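Working notes, beginning with the structure itself.
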Amino acid sequence: MGIDLRYPIGLLFAIFGLLLVLYGLLGGTAEYARSLDINVNLWWGLIMLIFGGLMFFAANRKRSSNNKK
């Protein structure tokens, strides 16, 4: 048929999430004073990585269930 839309969405979120996690880990701490000293880039990067992983999992699960038929 065609490519499952969950693959590119998962890839997009995984790449952006990885970039945010790296920036959150390697960035300075002075810029988080406005956000109550919460590393927003790190937390949202982790959330985006998890969402990207869920999209990949859902696409692979759908593909494996189609192959069994």
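For I38, indicate whether it is in a loop (DSSP other than H, G, I, E, B), open to solvent by less than 90 Å² (accessible area, probe 1.4 Å) and modelled with pLDDT of 85 or more. Yes: the conditions hold for I38. Among residues of region 31-49 that are of a type in the set (S, T, N, Q), those with a beta-carbon under 9 Å from a residue that is open to solvent by less than 40 Å² (accessible area, probe 1.4 Å) and in a helix (DSSP H, G or I) at least six positions away or on a different chain give the pairs N39/G24; N39/Y32; N41/V21; N41/G24; N41/Y32. Scanning region 6-34 for residues being of a type outside the set (D, E, K, R), at pLDDT below 90 and exposed (fewer than 11 other Cβ atoms within 10 Å of the Cβ) gives a total of 4.
Give the residues of region 41-53 that are open to solvent by 100 Å² or more (accessible area, probe 1.4 Å) and β-branched (V, I, T), sorted by residue number. Within region 41-53, just I50 meets the criteria.
The values are calculated or read from the model by the stated rules, or taken from the named source; none is laboratory data. Bear in mind that the values here come from a model prediction, so they are computed numbers and not experimental data. Virtual Cβ from ideal backbone geometry, glycine too; neighbours counted across all protein chains shown. The accessibility values were calculated without ligands, DNA or RNA, using every heavy atom of the protein model including side chains. Shrake-Rupley method; radii C 1.70, N 1.55, O 1.52, S 1.80 Å.
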